[in-house]
Every structure is written in structure tokens, then in C-alpha cells.
Amino acid sequence: MNVAKLSAFLLRRPGALIGLALLLVQIVAILFAPYIASFSPTDADPLSSTLPPGGEHLFGTDELGMDIFSRVVFATRVNLLISFTAVFVSLAIGVPIGVVIGFYRGFLSTVVLRIFDFLQSFPIFVLGMALVAVLGQEIWSVAIVLTLLFVPMFARLVRAEVLSQRERPFIAAARCAGANDLQIMFQHILPNAMTPVIVQISIAIGMAILLTAGLSFIGAGVRMPSPEWGLMVSNGAQQMILGVWWIALFPGIAIVLSVLCFALLADALRDLTDPRLQGDRRARTA
Amino acid sequence: MPLAATWHRLPRFVRIILTRLGMIVPQMLGVTLVTFLLVRLLPGDPARLILGNFATDDSIKALKQHLGLDQSLPVQMERYLIAVLHGDLGMSPFTSNPVLTDLAQRAPATLELIGYAMILTVIAAVSLAVISVVRPGGIVDVVARIYGLVAGAIPDFWVALLLVFFLFHILGWAPAPFGRIDAMINAPPTITGFLTIDSVIAGDRTAFWSAASRLVLPVLTIAIVNTGALMKMAQTSFRGAYQSEFVNHMRLCGVPERRIIRSALRNALPPIISQTSFITGFLLGAAVLVETIFAWGGLGQYAVQAVVNSDYAAIQGFVLVASAFVLVVYSVADILYELADPRIQV
């Protein structure tokens, strides 16, 4: 697809434009955090505790006197680092597993599927807490919990695609031409099975941001004083009842916008990769 | 084959239910075994935890022997299975109650919360979906589209806090987020464990209003976060039915719109049922966050406590009950699904 076509596609979809704009904001926040933020994200200042927004502190300060705006900006790094790591590691593990269990449908594949069933039906937050208890409360434990959740998701998705691709004539043709199982799986089936995976990557990043925030909120994720959106909301939770709204409000908005960004991008990617919907706007909402 | 003949003479719904019940038993067995193995991965030595840091090695050894922790894994597993079959989930060293008692005490709180939240979610999602499909471009359609986009991005714990701030702190409409019933009001005698139902049975008006008003914020939180996904699914499914040939035919025959909508909805039901069951199953785990904020004292909070304390028996018990709950929900959904779609062969 050339540039002109792509920009025409974007102009017809305000949602995709908003998604791209939000992505740009996040990239800027990640790259230039020290220049945007006027305070250190981890320095406590007891003299300026719980200041309302305005003046020197754009979003106010929390109980420890840390600048909320600076923490929200720096947290972009932590949240997106965890989410991207988890999603791409899951992709690297889940996709090959999905291809193999879709291609060979024997007893072992069934066992793997049942294990995935169990992992996915397990209450996610309890699984998260249990694993963080095993691995210690580090940023990477959260990423590992998310990976455990996403590997079955990607594997299932790829498997479903492989199941429909493997019966198609071009696979039989490849076999007649002398391709072995490995070549068929990874050179012929996989490229044709990747479309839904690409859309799912964006959706999974959004889910990962929400889950990371949730895990930190119940104390099974990132630890103070690291800036992380869910942890910041959790810090403001007690104060909210007393009417101190700014501690929890701003990091919450950051979560919503960040997740929304990847949801909008997923929608745009879905349209972009679905040839049936090219240039047909009404069909998209149907 | 007389057996097969008898089987086919049974009413359809009896056959559906019997098939499902037969599948639950092996599934439960598998869940029990995997739960056992998974919990054994947790760190921390329970014997040392119970006795504290100053315990001697001898006393730890003795307690391990007493708890059966010195046996091999298969032996422990066998013992565990037999105990579970006798309804014995072990003792929790932290609450010093049998785990089954602990769970039974807390389950109604969580079930009451999830139950009302799901009723509200389904009603809101289906109404929004139907109206937005029947009147495309109308206000409801526009609101539903924006809401559907944003709903998946809102963290539930954040919505809960916003609701507390606006409805409790600013407007004062909702009660404080501390527990299921006002601390100054006597809870009604426990019959079902559902405070709203028990207070109605006891004829206690104050208790009923207190319990019901405490439910408002957490139920709203769960509904706001989960309605979006169900609504989108319901829209797709209902739109398919509403734009189909048979609806056109009904309209040409002059059937009133109300009846057309009803029969289109009936046809759109199966995917809505399965999506509802997924959300319900997911909620048991996700309610942990909401329970924490509203100090709900349900299963979710118990599980958090158990993990913090490395309480093997309690974690195992929770996971077992949670998986059983999910299994039951999925089975009920399967049964409803097959009842709703008469084309499925049983």
C-alpha cells in the first residue's frame, strides 16, 4: 500500500487518526520524559505534600509530595516497557506453539490445549499474585504473569488459522513440490495465518496495560517509588473518599488514553488487513 | 438397543442436562489435580510459617510429618483427592477455621455482588444493542458507539474510585464504601447468606435498604466496565438476525414491530449467552479489585490474604471453588445455549 492510499485510509477514519496521535504522544513521553517533567518522578518532598493541581505542580502532588505530572510522564516508560515485553515474548513463544499444535493434531496437541484451557480459566489476579509471590515483586514478574496469560491466547489464535490453512490446495501443492513439514509450517502456513495475530498484538498491548495497572493496584506488581499508573491510582485510593481526587484521577486518565490508543490502532489494523472492507465504510460497522 | 431407545425417548432438555452433568465429573477431577500441582509451586515452607522464625528444626519436622508434607508428591496428591471427596479442604492456619467453612462464609458476598452485577450488565447491554440496531443513527446508537469504544479501556478500580468520589463524597447519594452493610445495623439471620434476600425473609426493612444501597456502587462499577463487550457482541448478533430474510418476511406479513424484535432477539440469543458466561467466569477473579476497594469481605479478598500468607490450604480451596464455579457457569451456559437453539442435535 502506498503513502497516498494510506493517508486516504486514515482520513476516512478519525478513530485511527486519534489512535496514531495518542501513540505519538506516548512515544514523545517515553523519549523525552526528563525534559517534559519538571520534577524527579521519585523524589519525595514532605513540605509540598498533597498539593492541589495548579501552579508549580501541574497535576498536584501526592501524600509524599511527589509531583504527579512528572510521575505520569515517567510511568509511560514503565507501563509500556512491561506491556511490550510481555506481548512480544508471548508472540515469540505462542506463535510457534500454535503452528505446531495446529499442524500435528495428536494426543500431545490435545494435552497442550487442555493446559491452555486451564491457564485461561484460572482467575487472572490470583494467578498473578501467586506468581509474583514466587518470583518476587519485580517489574519482570509482572511481565512473566502477562506472558503466561498471552501465550495461550496467541497460540490458540494461530492454531485456529492453521487449521483452516492446512487443508488448502497450496499446501498440497507445496508438499508435492517436496517441501518438508517444517517448511510447510513456517514458510507456507505461517505467513498466511499472521493477519489476525497482527490485530491481536495491538489488543493484547492494551490488555497488558490494564492488567499491569490492576496487579500493581492490589500490590502484586510494581513497587513504590517506581512510577506506574496503577500504583499511582492505588496511592490515591484512600484519599479519594476524603475528596482528594487528583492523585488517582490523572494516572487513571493516562491508563484510559493509552489502552484506547491501542484499541483504536487495532480497529484500524483490522480494517487495513481485511480486503473485504477496503473502501467500504458501512461494512465496517456491520 | 433398549438403552439408546430409552435415551431418545427422554425429553430434549433432560438429555441436554444429563450429558452436561456427565462431563463435569472428569473435568472437576482434572481441575483438582492441576490445582494441587500449581499450588505446590508456591514458595515458602508452610510448617515454618505456622511455627514462626524461632521454631526448632525438630518441631518443624514434626509438624511436616503431621501435615503429611514429608510424603512423596503422588502420596500427597492421593491424600488430597480423598480428603476433597470427603468435603475436607484442610485447615487454614491463619483463620484457624476449616477452609470449607471460611469459603462458605465468604462465597455469598461475592456471589451476591456478581449476581446483581451480571443482571444489570445483561439488561443494559441487550437494551442498548437492540435500540441501537433498530434505530441506527439515533442518540442511543451514537452513545452506544462511543461507549463501546471507551468501555474496554477503563480500569475497573479507577471507575470504582470515581464513583466513590462523585456519588459518596460530592453528592452524598451513596453510602461509604466500607463493607456490605452499615456497621450500626444488625445483619439479618443467615439463611441464604445473600443479605438482600435474608433481610426480605426476616422482614427487616432497614437492613434491606442498607445492604441494597451498599451494593449500588460495586454493582455499577462492574456493570460499567463489562457492559461494553457484551453490548458489542449483542449488536453483531442481533443485527444479523434483524436484517435477515425471515424478519423481512414478518414485516411484509404485517407482524407488529414489537413481535419482530422479540423473535429476532430469540434468534440472536446463543452468542449472547456464551459471552455472558465468559464474563461471569472472568468476574470471580476480576472482582478481587472491586472487593478490595469496597472492603467486601468476599472470596477475592480471602484469596489475596491467602497468597500473602502462603496459606496452601486456603489457596487450594479457593482455586478449587473458583474453578468449580467457572465449570458450573459454563455448563449452565451450554445447557441454555442448546435450549435456545433447537437445531443442535443432542
> Among A:47, A:108, A:64, A:58, which is the only one that is touching a Gly at 6+ places or on another chain (Cβ under 7 Å) and farther than 28 Å from residue B:285 by Cα?
Replying inline: A:47
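Let me confirm something: among A:17, A:80, A:31, which residue is under 17 Å from residue A:206 (Cβ atoms) and under 20 Å from the mean Cα position of the chain (by Cα)? Spell out how you get there, then give the answer.
Values: A:17 fails: under 17 Å from residue A:206 (Cβ atoms); A:31 fails: under 17 Å from residue A:206 (Cβ atoms).
A:80 is the lone residue from the list that is under 17 Å from residue A:206 (Cβ atoms) and under 20 Å from the mean Cα position of the chain (by Cα).
Just checking, how many residues over region B:239-249 are in a helix (DSSP H, G or I) and surrounded by fewer than 17 Cβ atoms within 10 Å (Cβ to Cβ)? Explain how you work it out, then say what you get.
Initially, region B:239-249 is screened for residues in a helix (DSSP H, G or I), giving B:239-242, B:245-249.
Pick out the ones that are also surrounded by fewer than 17 Cβ atoms within 10 Å (Cβ to Cβ) and you get B:240, B:245-246, B:248-249.
Of the residues in that region, 5 qualify.
Just for region B:192-209: of the residues that are among the small types (Gly, Ala, Ser) and under 21 Å from residue B:107 (Cβ atoms), which one is most open to solvent (accessible area, probe 1.4 Å)? Full working, then the answer.
The initial filter retains those residues of region B:192-209 that are among the small types (Gly, Ala, Ser), namely B:193, B:199, B:202-203, B:207.
Filter again for under 21 Å from residue B:107 (Cβ atoms), leaving B:193, B:199, B:202, B:207.
Numbers: B:193: 11, B:199: 1, B:202: 55, B:207: 1 Å².
Among residues in region B:192-209 that are among the small types (Gly, Ala, Ser) and under 21 Å from residue B:107 (Cβ atoms), the one most open to solvent (accessible area, probe 1.4 Å) is B:202.
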> Can you find even one residue in region A:5-12 that is assigned to a loop (DSSP other than H, G, I, E, B) and out of contact with any Asp or Glu (no Cβ under 8 Å at 6 or more places or on another chain)?
Replying inline: yes
>> Pairs needed: first member in region B:158-184, facing chain A (nearest Cβ under 7 Å) and without any contact (Cβ under 8 Å) to a residue 24 or more places away in the chain; second member anywhere, in a loop (DSSP other than H, G, I, E, B) and surrounded by fewer than 17 Cβ atoms within 10 Å (Cβ to Cβ); C-beta distance under 7 Å; at least 6 residues apart or different chains.
In response: B:169/A:243
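Considering every residue within region B:71-78, establish whether at least one is out of contact with any strand residue (DSSP E or B) (no Cβ under 8 Å at 6 or more places or on another chain), surrounded by fewer than 17 Cβ atoms within 10 Å (Cβ to Cβ) and within 11 Å of chain A (Cβ to nearest Cβ). Can you show your working first?
Step one: of region B:71-78, the residues out of contact with any strand residue (DSSP E or B) (no Cβ under 8 Å at 6 or more places or on another chain) are B:71-78.
Filter again for surrounded by fewer than 17 Cβ atoms within 10 Å (Cβ to Cβ), leaving B:71-78.
Now restrict to residues that are within 11 Å of chain A (Cβ to nearest Cβ): none.
Among the residues of region B:71-78, not one is out of contact with any strand residue (DSSP E or B) (no Cβ under 8 Å at 6 or more places or on another chain), surrounded by fewer than 17 Cβ atoms within 10 Å (Cβ to Cβ) and within 11 Å of chain A (Cβ to nearest Cβ), which makes the answer no.
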>> Return the residues of region B:228-238 that are open to solvent by 50 Å² or more (accessible area, probe 1.4 Å) and touching a helix residue (DSSP H, G or I) at 6+ places or on another chain (Cβ under 6 Å); say none if nothing qualifies.
In response: B:232, B:233
>> Quick check on my filter: what residues within region B:303-312 are within 9 Å of residue B:92 (Cα to Cα) and surrounded by fewer than 24 Cβ atoms within 10 Å (Cβ to Cβ)?
In response: B:312
>> Anything in region A:207-250 that is within 10 Å of chain B (Cβ to nearest Cβ), surrounded by fewer than 24 Cβ atoms within 10 Å (Cβ to Cβ) and outside any helix (DSSP H, G or I)? List them, or say none.
In response: A:218, A:219, A:242, A:243, A:244, A:245
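Does residue B:319 fit the bill of being within 11 Å of another protein chain (Cβ to nearest Cβ), hydrophobic (A, V, I, L, M, F, W, C), within 20 Å of residue B:92 (Cα to Cα) and out of contact with any Ser or Thr (no Cβ under 9 Å at 6 or more places or on another chain)?
On the way: within 11 Å of another protein chain (Cβ to nearest Cβ): yes; hydrophobic (A, V, I, L, M, F, W, C): yes; within 20 Å of residue B:92 (Cα to Cα): yes; out of contact with any Ser or Thr (no Cβ under 9 Å at 6 or more places or on another chain): no.
When the stated conditions are applied, residue B:319 does not pass them.
This table checks each residue for (1) open to solvent by less than 60 Å² (accessible area, probe 1.4 Å); (2) within 22 Å of the chain's Cα centre (by Cα); (3) not assigned by TED's automatic domain parsing to the domain that holds residue B:234.
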residue: B:129; (1), (2), (3): yes, no, no
residue: B:135; (1), (2), (3): no, no, no
residue: B:138; (1), (2), (3): yes, no, no
residue: B:141; (1), (2), (3): yes, no, no
residue: B:146; (1), (2), (3): no, no, no
residue: B:153; (1), (2), (3): yes, yes, no
residue: B:160; (1), (2), (3): yes, yes, no
residue: B:166; (1), (2), (3): no, no, no
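Conditions (1) more than 13 Å from every other protein chain (Cβ to nearest Cβ); (2) touching a Cys at 6+ places or on another chain (Cβ under 8 Å); (3) open to solvent by 40 Å² or more (accessible area, probe 1.4 Å), marked per residue:
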position	(1), (2), (3)
B:259	yes, no, yes
B:273	yes, no, no
B:276	yes, no, no
B:286	no, no, no
B:292	no, no, yes
B:314	no, no, no
B:335	yes, no, no
> Looking at (1) among the β-branched types (Val, Ile, Thr); (2) open to solvent by 10 Å² or more (accessible area, probe 1.4 Å); (3) modelled with pLDDT under 90, can you tell me which one residue A:85 breaks?
Replying inline: (3)
> residue A:169 passes all but one of (1) within 14 Å of chain B (Cβ to nearest Cβ); (2) more than 19 Å from the chain's Cα centre (by Cα); (3) at pLDDT 85 or above; which number fails?
Replying inline: (1)
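The values are calculated or read from the model by the stated rules, or taken from the named source; none is laboratory data. What you see is a predicted model, and the numbers here were worked out from it, not measured in a lab. Cβ atoms come from the backbone with ideal geometry, glycine included; neighbour counts cover every protein chain shown. All accessible areas refer to the heavy atoms of the entire protein, side chains included, with ligands and DNA or RNA removed. Shrake-Rupley method; radii C 1.70, N 1.55, O 1.52, S 1.80 Å.
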